[in-house]
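Peer 1: Here it is, the structure in full.
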Amino acid sequence: PQWENYVRTWRIEGTDVTFAVFFRNSLLLAALTTLGTTLSSSIVAFGFARLRFPGRDRLFVLLLASMMLPGIVTTIPSYIGFRYLRWIDTFYPLVVPTFFAGAFNVFLLRQFFLTLPRELDEAARLDGAGYGQIYWKLIMPLSRPALVTVALFAFIGSWKDLMGPLIYLNSTENQTLELGLRTFQTIRGTDWNLLMAGSVMVMIPLLILFFAGQRYFIQGIVMSGLKE
């Protein structure tokens, strides 16, 4: 291995920033996105799986139907709205929407929550627990595989996202790794050894994260489809 390639790539010769800035931005965005996605999706999934209220099934079908809407359709309206809020060139457009649950993650968690016996909820209510306590102290600890799965999807999606940062982030110091790698490619377009070194540095955190959570990831995927 030519370790000098990684050193040269890390410094990004010819610019005022380094890969450390891009790593910091990507890590911050990925962490906030993972937190928002996991928390909001689990709350909504808990409501659909464990609570009974009028129109629950119809609302769930409507939520699933939103998955058929291409994301590109909402790009322009979203950009106009974020520009009105003066959030362009900030992390808000990439973080705030994740705190509003997505249909796929809600479906995945709901399917897992349905595999947990309802007798657990009844026993907790007999002990005086409310819905908030049942959600936080009972359902969440038992749903670790599904939560890890959703967290992995959210983290990887944020880490590898190019379109979002490309649309909303203008300053070089706010760029993420994917966008920074494209900037580096523009500067060092013919230095393939440096480009490959940069690609490896972007990929390594994802490999570490996946292998660390592989056991929970597979378990969460399998168990989420056991009950309709």
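Peer 1: For the range 107-130, give me each residue that is assigned to a helix (DSSP H, G or I) and exposed (fewer than 15 other Cβ atoms within 10 Å of the Cβ).
Peer 2: Of everything in the range 107-130, those that are assigned to a helix (DSSP H, G or I) and exposed (fewer than 15 other Cβ atoms within 10 Å of the Cβ) turn out to be Glu119, Leu120, Glu122, Ala123, Arg125, Leu126.
Peer 1: Given the options Glu173, Glu178, name the one that is open to solvent by 70 Å² or more (accessible area, probe 1.4 Å), on the phi < 0 side of the Ramachandran plot, touching a residue at least 60 places away in the same chain (Cβ under 8 Å) and not basic (Lys, Arg). First the steps, then the outcome.
Peer 2: On the way: Glu178 fails: open to solvent by 70 Å² or more (accessible area, probe 1.4 Å).
Checking each option against the conditions leaves just Glu173.
Peer 1: Looking at (1) within 19 Å of the chain's Cα centre (by Cα); (2) under 27 Å from Phe60 (Cβ atoms); (3) aromatic (Phe, Trp, Tyr); (4) at pLDDT 90 or above, can you tell me which one Tyr216 breaks?
Peer 2: Answer for Tyr216: the failing condition is (4).
Peer 1: Is there any pair with a first residue in the range 55-84 that is closer than 18 Å to Arg110 by Cβ and a second that is in a helix (DSSP H, G or I) and open to solvent by 70 Å² or more (accessible area, probe 1.4 Å) whose Cβ atoms are under 7 Å apart and which are 6 or more apart or on different chains, and what are they?
Peer 2: Listed by first residue and then by second, the contacts come to Leu64/Phe107; Met67/Phe104.
Peer 1: What pairs come out if I take residues in the range 188-215 that are in a loop (DSSP other than H, G, I, E, B) and surrounded by 13 or more Cβ atoms within 10 Å (Cβ to Cβ) and pair them with residues that are at pLDDT below 80 and of a type in the set (A, V, I, L, M) whose C-beta lies under 6 Å away, six or more apart or interchain?
Peer 2: Within 6 Å, the pairs are Arg188/Leu194.
Peer 1: Checking Val96 against (1) part of a helix (DSSP H, G or I); (2) over 30 Å from Asn174 (Cα atoms); (3) in contact with a helix residue (DSSP H, G or I) (Cβ under 9 Å, 6 or more places away or on another chain); (4) among the aliphatic types (A, V, I, L, M), which single condition isn't satisfied?
Peer 2: Of (1) part of a helix (DSSP H, G or I); (2) over 30 Å from Asn174 (Cα atoms); (3) in contact with a helix residue (DSSP H, G or I) (Cβ under 9 Å, 6 or more places away or on another chain); (4) among the aliphatic types (A, V, I, L, M), only one is false for Val96: (2).
Peer 1: Tell me which helices (runs of 4 or more DSSP H) are completely within the range 1-66 and hold 1 or more residues being of a type in the set (Gly, Ala, Ser) and either closer than 25 Å to Tyr92 by Cβ or open to solvent by 80 Å² or more (accessible area, probe 1.4 Å) (or both), or say none if there are none. Lay out the reasoning, then the answer.
Peer 2: Working: elements: 3-11, 19-50, 56-65.
In the range 1-66, 19-50 are the helices (runs of 4 or more DSSP H) which contain 1 or more residues that are of a type in the set (Gly, Ala, Ser) and either closer than 25 Å to Tyr92 by Cβ or open to solvent by 80 Å² or more (accessible area, probe 1.4 Å) (or both).
The values are calculated or read from the model by the stated rules, or taken from the named source; none is laboratory data. In this text, all values refer to a predicted model and were calculated from it rather than measured experimentally. Using ideal geometry, Cβ is built from the backbone for each residue, glycine included, and neighbour counts are taken over all protein chains shown. SASA here: full protein model, heavy atoms, side chains in, ligands and nucleic acids out. Shrake-Rupley method; radii C 1.70, N 1.55, O 1.52, S 1.80 Å.
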